[in-house]
Amino acid sequence: MGHFGFSYVGLLFLLAMLIPNLFWTRNKPRDYNPAGENRVLLMFERVGQVWVTCGALVCRNLNWRPWTAWSWWLAGAVVLMALYEVWWLRYFRSEKTMRDFTASLLGIPVAGATLPVLAFLLLSIYGRVVWLILGTLILGAGHIGIHLGHRWEAGRVEGGTTNE
């Protein structure tokens with residue numbers, strides 16, 4: 001279930017997720033309009049954000065331990081977070097449209113939303129923190145759902161297909 005205590009690994013993951021988002025506030029897609037976002041998904045996203053942020057910081061089970069088979073979960077989480085950073089680099093170098101913002105990466109749909117959620121899910125599994133897994137799933141339902149809606153809208157507006 002997890003042990004209470006500061007998690008420096010959780011902090012590093014949160015920083016890896018937060019820093020690009022701070023740059024995004026000045027580099028939003030020119031056709032971005034959050035007005036039509038589903039309110040239920042938005043509620044899931046917000047609840048999940050608070051849940052995962054708090055859980056990542058206060059559960060010392062997420063910290064590095066000597067290598068075991070469970071460490072592969074952490075390795076996977078690190079790879080997914082690194083891919084998330086690659087996705088951001090690609091976005092910042094793009095034309096910054098909603099199609100760019102909701103783009104796939106290596107076949108992972110809406111990678112900007114999916115990759116960090118999957119990274120935190122694997123991190124939660126590594127720490128064996130069931131309640132953090134649940135929070136990550138709630139975050140994922142809202143965050144990925146909202147981005148899928150934006151992706152669908154971007155494809156509809158452009159009259160193109162939403163698949164890559």
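The values are calculated or read from the model by the stated rules, or taken from the named source; none is laboratory data. All of these numbers come straight from a predicted model, not from anything done at the bench. Note: ideal-geometry Cβ built from the backbone for every residue, glycine included; neighbour counts use all protein chains shown. The accessibility values were calculated without ligands, DNA or RNA, using every heavy atom of the protein model including side chains. Shrake-Rupley method; radii C 1.70, N 1.55, O 1.52, S 1.80 Å.
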Would you mind stating whether R156 is modelled with pLDDT under 95, of a type in the set (D, E, K, R) and either surrounded by fewer than 20 Cβ atoms within 10 Å (Cβ to Cβ) or closer than 23 Å to M43 by Cβ (or both)?
yes
Out of everything in the stretch 112-129 that is within 14 Å of the chain's Cα centre (by Cα) and among the hydroxyl-bearing types (S, T, Y), what residue ends up being surrounded by the most Cβ atoms within 10 Å (Cβ to Cβ)?
S124
With the requirement that a residue be in contact with a strand residue (DSSP E or B) (Cβ under 8 Å, 6 or more places away or on another chain) and either without any contact (Cβ under 8 Å) to a residue 12 or more places away in the chain or open to solvent by 70 Å² or more (accessible area, probe 1.4 Å) (or both), what does the stretch 58-78 give you?
R60
Verdict on E37 being loosely packed, with under 15 Cβ neighbours inside 10 Å and more than 18 Å from F13 (Cα to Cα):
no
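Being in contact with a helix residue (DSSP H, G or I) (Cβ under 7 Å, 6 or more places away or on another chain), of a type outside the set (F, W, Y) and in a helix (DSSP H, G or I) narrows it down to one residue among L137, L122, L148; which is it? Spell out how you get there, then give the answer.
Working: L137 fails: in contact with a helix residue (DSSP H, G or I) (Cβ under 7 Å, 6 or more places away or on another chain); L148 fails: in contact with a helix residue (DSSP H, G or I) (Cβ under 7 Å, 6 or more places away or on another chain).
Result: L122 is the single residue among L137, L122, L148 that is in contact with a helix residue (DSSP H, G or I) (Cβ under 7 Å, 6 or more places away or on another chain), of a type outside the set (F, W, Y) and in a helix (DSSP H, G or I).
For the condition at pLDDT 95 or above, out of contact with any Lys or Arg (no Cβ under 9 Å at 6 or more places or on another chain) and open to solvent by less than 20 Å² (accessible area, probe 1.4 Å), what is the one hit in L148, L132?
On the way: L148 fails: open to solvent by less than 20 Å² (accessible area, probe 1.4 Å).
Answer to the check: L132.
Any residue that is surrounded by fewer than 14 Cβ atoms within 10 Å (Cβ to Cβ) and part of a helix (DSSP H, G or I) - is there at least one of those in the stretch 101-111? Spell out how you get there, then give the answer.
So in the stretch 101-111, the residues surrounded by fewer than 14 Cβ atoms within 10 Å (Cβ to Cβ) come out as 106-107.
Filter once more, keeping what is part of a helix (DSSP H, G or I): none.
No, there is no match, as no residue in the stretch 101-111 is surrounded by fewer than 14 Cβ atoms within 10 Å (Cβ to Cβ) and part of a helix (DSSP H, G or I).
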Residue within the stretch 79-90 that is within 23 Å of A141 (Cα to Cα), open to solvent by 80 Å² or more (accessible area, probe 1.4 Å) and either within 19 Å of the chain's Cα centre (by Cα) or not β-branched (V, I, T) (or both) present:
yes
